[in-house]
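Peer 1: Can you read through this structure? Questions will come right after.
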Amino acid sequence: MNRAQLVLKAFISRCAPEKRKALERFLTEEERISLVKIPLIAKPATGFPKEDMLENVHWSWFLPTLKSYSAREQRLFLSALSPLGAEQLARALSLTGSLEQISSPAQTYLRKQLFHSLVGPHERLLPVNYLPESSLNQLLTSTKKELTRLIDRLALYDLAVEMRQIVETKILKKIYSFLTEEQKKALKNIAAHKEVAGFPRLGLDRWDGEEESLKILLHRRGLARFGLGLSGQDPDLIWLICHRLDIGRGGQLLKLCAKEATPKVTVAIIRQIEDLL
């Protein structure tokens, strides 16, 4: 779908009837027919993040770009970022000393360079308020910590299925001992729901019994389930969600999101995400 047309449709639809007719006279017949076919974007919910996309990108995504610059240039870029992001990046880049004060035009230029390094110099992301309607748009109000927690909780659906097939009490007790009270409560609620077929087994039969390896296994499965849930969603929504996570998790999640939804499975996972939210 053409992003410019989508924004135009949203803008015109919010104008008064007389103004709308006046604006539509500037369009060709072909353009008017094309706009009619585009779904209307519902009025967005409140509480969305700042429209400045850069403020909603986790600082780790800028590391690959910044590492290609000299230390002097890295400091200039950091001066154009938020204090918290600049502090994290300075630590990761082993930069010491205070940052320089730079002019507002210089800040704007440097921020544009960083943004272009992520999306390309000619690409555009839809403003949050113009994203197509979806129940998953509410994820854009989540912090990195909240998204990570959601990923871990999604994995409990896989764990619940696997635990139904474990007969050894010793193994079950060991698994429970590694779960938090919140996870145990969530697992109990999840166990009451029937799981949708189509997921490969978690593979606890190959688990080495260590707490850390269980956490890694569950987190990876949570990412895979999240990717299936986001599959088929607007590409810009997926981009924004993935870039709120750190580059490791977010990059992996981008690879796990397919262009098309998986029949039945994606719908079921979306419902699970809604329940967890």
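Peer 1: Would you mind finding the one in 146, 133 that is under 22 Å from the mean Cα position of the chain (by Cα) and either in a helix (DSSP H, G or I) or surrounded by fewer than 12 Cβ atoms within 10 Å (Cβ to Cβ) (or both)? Can you show your working first?
Peer 2: Numbers: 133 fails: either in a helix (DSSP H, G or I) or surrounded by fewer than 12 Cβ atoms within 10 Å (Cβ to Cβ) (or both).
Answer to the check: 146.
Peer 1: Does the stretch 157-178 include one or more residues that are surrounded by 11 or more Cβ atoms within 10 Å (Cβ to Cβ), at pLDDT below 90 and part of a loop (DSSP other than H, G, I, E, B)?
Peer 2: Yes, the conditions are met somewhere in the stretch 157-178.
Peer 1: Select from the stretch 25-45 the residues that are in a loop (DSSP other than H, G, I, E, B) and in contact with a helix residue (DSSP H, G or I) (Cβ under 6 Å, 6 or more places away or on another chain) and write down the one among them that is modelled with the lowest pLDDT. Full working, then the answer.
Peer 2: From the stretch 25-45, those in a loop (DSSP other than H, G, I, E, B) are 25-28, 38-45; that's our starting set.
Add one more test, that the residue is in contact with a helix residue (DSSP H, G or I) (Cβ under 6 Å, 6 or more places away or on another chain), and what stays is 38, 40-41, 44.
Numbers: 38: 76, 40: 65, 41: 61, 44: 49.
Step by step, filter the stretch 25-45, then rank; the result is 44.
Peer 1: Still on this structure: Of the residues that sit in the stretch 190-208 and are surrounded by 11 or more Cβ atoms within 10 Å (Cβ to Cβ) and either at pLDDT 90 or above or small (Gly, Ala, Ser) (or both), which one is farthest from residue 257 (Cα to Cα)?
Peer 2: Filtering the stretch 190-208 for residues surrounded by 11 or more Cβ atoms within 10 Å (Cβ to Cβ) gives 190-191, 193, 195-196, 198-199, 201-204, 207.
Narrowing the set further to residues that are either at pLDDT 90 or above or small (Gly, Ala, Ser) (or both) leaves 191, 198, 203.
On the way: 191: 26, 198: 16, 203: 22 Å.
Among residues in the stretch 190-208 that are surrounded by 11 or more Cβ atoms within 10 Å (Cβ to Cβ) and either at pLDDT 90 or above or small (Gly, Ala, Ser) (or both), the one farthest from residue 257 (Cα to Cα) is 191.
Peer 1: A further question on this structure: Given 267, 161, which one is under 25 Å from the mean Cα position of the chain (by Cα) and either on the phi < 0 side of the Ramachandran plot or β-branched (Val, Ile, Thr) (or both)?
Peer 2: Details: 161 fails: under 25 Å from the mean Cα position of the chain (by Cα).
After applying the criteria, what remains is 267.
Peer 1: Kindly establish whether residue 224 is touching a Gly at 6+ places or on another chain (Cβ under 9 Å) and farther than 18 Å from residue 60 by Cβ. Full working, then the answer.
Peer 2: On the way: touching a Gly at 6+ places or on another chain (Cβ under 9 Å): no; farther than 18 Å from residue 60 by Cβ: yes.
The answer is no for residue 224.
Peer 1: Using the structure shown, decide if residue 253 is at pLDDT 90 or above, buried (at least 17 other Cβ atoms within 10 Å of the Cβ) and within 21 Å of residue 127 (Cα to Cα).
Peer 2: Numbers: at pLDDT 90 or above: yes; buried (at least 17 other Cβ atoms within 10 Å of the Cβ): yes; within 21 Å of residue 127 (Cα to Cα): no.
When the stated conditions are applied, residue 253 does not pass them.
Peer 1: Could you figure out which of (1) of a type outside the set (Val, Ile, Thr); (2) assigned to a helix (DSSP H, G or I); (3) modelled with pLDDT of 90 or more isn't true of residue 187?
Peer 2: Unmet condition: (3).
Peer 1: What is the one condition in (1) surrounded by 12 or more Cβ atoms within 10 Å (Cβ to Cβ); (2) outside any helix (DSSP H, G or I); (3) under 24 Å from the mean Cα position of the chain (by Cα) that residue 224 does not satisfy?
Peer 2: (2)
Peer 1: Across the stretch 46-87, what is the total count of residues that are of a type in the set (S, T, N, Q), loosely packed, with under 11 Cβ neighbours inside 10 Å and modelled with pLDDT of 90 or more?
Peer 2: Taking the stretch 46-87 and keeping what is of a type in the set (S, T, N, Q), we get 46, 56, 60, 65, 68, 70, 74, 79, 82.
Applying the additional criterion that residues be loosely packed, with under 11 Cβ neighbours inside 10 Å yields 46, 68, 70.
So of that shortlist, the ones also modelled with pLDDT of 90 or more come out as 68, 70.
Result for the stretch 46-87: 2.
Residue-wise test of (1) farther than 17 Å from residue 156 by Cα; (2) of a type in the set (A, V, I, L, M); (3) without any contact (Cβ under 8 Å) to a residue 12 or more places away in the chain; (4) in contact with a strand residue (DSSP E or B) (Cβ under 7 Å, 6 or more places away or on another chain).
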| site | (1), (2), (3), (4) |
| --- | --- |
| 219 | no, no, no, no |
| 223 | no, yes, no, no |
| 243 | yes, no, no, no |
| 251 | yes, no, yes, no |
| 259 | yes, no, no, no |
| 277 | no, yes, no, no |
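The values are calculated or read from the model by the stated rules, or taken from the named source; none is laboratory data. This is a predicted model, so every value here is computed, not measured. Quick reminder, even Gly has a Cβ in these numbers, built from the backbone with ideal geometry, and neighbours come from all protein chains shown.
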